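Single-structure report; data block below.
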Amino acid sequence: MSDKLRGAHAIQGVPAGTIAAARASLAVKLPPLADFRTTGRRTPISPPVLAGAVRAFELMVTLLTGLVVAILYVAEPNLLSHAAYPTALVAMSLATVISFELLGLYKAPAFSSIMRHLPRVVTGWTAAFAALVAVIFFLKQGDSYSRVWLAAWFISGGFALVGARFALAALVRSWAKAGRLYRRAVIYGTGEVSESLIRELEANAAGDIRISGVFDDRDDDRRATMIAGYPRLGGLRQLVDHCRRASVDLAIVALPITAEKRLSEVMKEISVLPVDVKLPAAATTLRFSPRIYSRVGDVAMIDLHDTPIADWGRVSKWLFDKVIGTVALVLLAPVMAAVAIAIKLDSRGPVFFRQKRYGFNNELIEVYKFRSMYADRCDAAACRLVSKHDPRVTRVGRFIRKTSLDELPQLFNVLNGELSLVGPRPHALQAKAENQLYDEAVEGYFARHKVKPGITGWAQINGWRGETDTLEKIEKRVEFDLYYIENWSVFLDLYILLMTPVALLKAENAY
């Protein structure tokens, strides 16, 4: 077994000397022993997003270096008003990024080991610059450019790019130590498929997968306590709990595809988690079109479930929440102030009400609301749903609940990162429909927690807002929530926001 990979897995029982030696042998040191097993949810850095950010940064470095040299040297009062210099700046910047792409400089290993890839950086920059000079020569545009500017840009740009790569390598190493560049994976199944899979993952020492645990539910006489050197940490229930606690990114179901019933049962439990779920291609002798497969390192996989919002989608939703949330908070500040004054004048007690609710990945969050009930009758656990003419609700409370003004303080939750503007509404811990907790009433209920909850959502603008006292109401709300998760886009979020005021005017069951 590869000591390099195992040293990163934080599996109990592995000799400390082996782990220390493994860490010392890695170019990028991994987190301490317990980190991959016990740490809470960390913010992972998506490789596609990192690569895209590096491309954009190096394009800007190249362009700005050439521009600064031109401004400092070229004696031309209207430098940027002529097409020659701006065209050369943009063309050279794009050519550099393309050259680096062809040389593999935007792959993960190139970000952390600068000395090993330094010749490629120099070669890529030189090739791009040579292409620019060749184009200028063959188009007979030599008189349009300063030769000193070209030479100075070549030298200063080369040093700038190399310096940027050194800074990037230091940053990537710090992220690697924090475990933000590795995907934590769990494996379900302890048979031959699982052992073969582990060996293949270990063979790819440069991969971004770190095995966080191996699980199986088979009877004691049919399961091994050690699988390819890893201890079995429990069954399916323990796997789900582990994924909730340890911020797991990938679940690999290493079962033969012929075990259809067992595979279906496992998928039913795992599919509610906010993780990618994959089946090793080796689990079946059937061969599909290459488009069916994805790769985990060098291992072919069949995708069963994907994380709903990932990579650039996660970035765009984050920006959407922060930008629009901030604007909304500023514009609605006078309204919030007026509501706060009305609450204080109407009844004794605090203006705000805080309530524990389920958030992303079933994490508990504290949601802010304007208080709409009498202070001595507030139901923090929501053991009893608010009904029409509920005596616990104040006069002001009836109005702000009907118009959803009581939800406005949740903009602070959005800016804190606990909520999104749009998503499945977070439910109180003890909320019930026909005396059943929501997760007992609706199969697969927790699948709605695969994304951050929101202030408004697809269910709300489609009429499923307010009291959920019957099984039909909560089933419909979950149905619409799951539709949103499966079909998310920034444009859908924008549409829901725009339609929310219209839905509020039509609401009939919000009390």
Given an 8 Å cut-off on Cα distances and at least 6 residues of separation, report the relative contact order of the stretch 211-353 as a percent.
14
Among DSSP beta bridges whose residues both lie in the stretch 182-305, state the antiparallel percentage, nearest 5.
40
Would the stretch 307-370 count as rounded, prolate or oblate if I go by the C-alpha gyration tensor, calling it rounded below 1.5 in a/c and otherwise prolate when a/b exceeds b/c, oblate otherwise?
oblate
Can you give the extra length, in nm with one decimal, that the chain gains between Leu72 and Val330 once fully stretched, where that is 0.36 nm per residue apart less the Cα-Cα distance?
88.7 nm
With Glu472 itself left out, Lys, Arg at +1 and Asp, Glu at -1 over residues whose Cβ is under 11 Å from its Cβ give -1
When the helices in the chain are scored as -39500 (n - 2.57) per DSSP H run of 4 or longer and the sum is shared across all residues, what 222 nm value do you end up with, to the nearest 500 deg cm²/dmol?
-15500 deg cm²/dmol
Please give, to one decimal in nm, the separation of the simple spin-label points placed at Val315 and Ala134, each 7 Å out from Cα toward the Cβ.
3.1
Find which of Thr326, Ala503, Trp464 sits farthest along the positive direction of the dipole of the stretch 312-506, computed with +1 on the beta-carbon of Lys and Arg, -1 on that of Asp and Glu, about the Cα centre.
Thr326
Quick check: from the Cα gyration tensor, does the stretch 312-506 come out rounded (a/c under 1.5), prolate or oblate?
oblate
Work out the length of the dipole vector of the chain about its Cα centre, built from +1 on the beta-carbon of each Lys and Arg and -1 on the beta-carbon of each Asp and Glu, and round it to the nearest 20 debye.
1020
Largest-first principal axis extents, alpha carbons of the stretch 47-177, Å:
51, 27, 23
Assigned charges on the beta-carbon of Lys, Arg, Asp, Glu; the stretch 312-506 dipole about Cα centre (debye):
680
Hydropathy first: keep DSSP H helices in the chain averaging at least 1.6 on Kyte-Doolittle, then drop any whose Cα extent along the axis falls short of 20 Å, and list what survives.
47-73, 490-506
Taking K and R as +1 and D and E as -1, what net charge do the other residues with C-beta under 10 Å from the C-beta of Gly417 add up to?
0
Arrange the peptides 261-267, 345-351, 355-361 so that the one whose residues have, on average, the most other Cβ atoms within 10 Å appears first.
355-361, 261-267, 345-351
In this model, which of Lys369/Lys452; Lys261/Lys452; Lys356/Lys432; Lys402/Lys506; Lys450/Lys476; Lys356/Lys402 are farther than 20 Å apart at the alpha-carbon?
Lys261/Lys452; Lys356/Lys402
Summing +1 for each Lys or Arg and -1 for each Asp or Glu, what net charge is found among the other residues whose Cβ lies under 9 Å from the Cβ of Gly297?
-2
With labels modelled as points extended 7 Å from the Cα through the Cβ direction, what inter-label distance (nm, one decimal) is found for Ile341 paired with Ala108?
5.6
Quote the charge dipole size of the stretch 47-177 about the Cα centre in Debye, to the nearest 20; the model charges only the Cβ of Lys and Arg (+1) and of Asp and Glu (-1).
520
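Quick note: the coordinates plus some simple rules give every number you see, no bench work behind them. Quantities reported herein were computed from a predicted structural model and do not represent experimental measurements. So basically every Cβ, Gly included, is an ideal-geometry build from the backbone, and we count neighbours across all protein chains shown.
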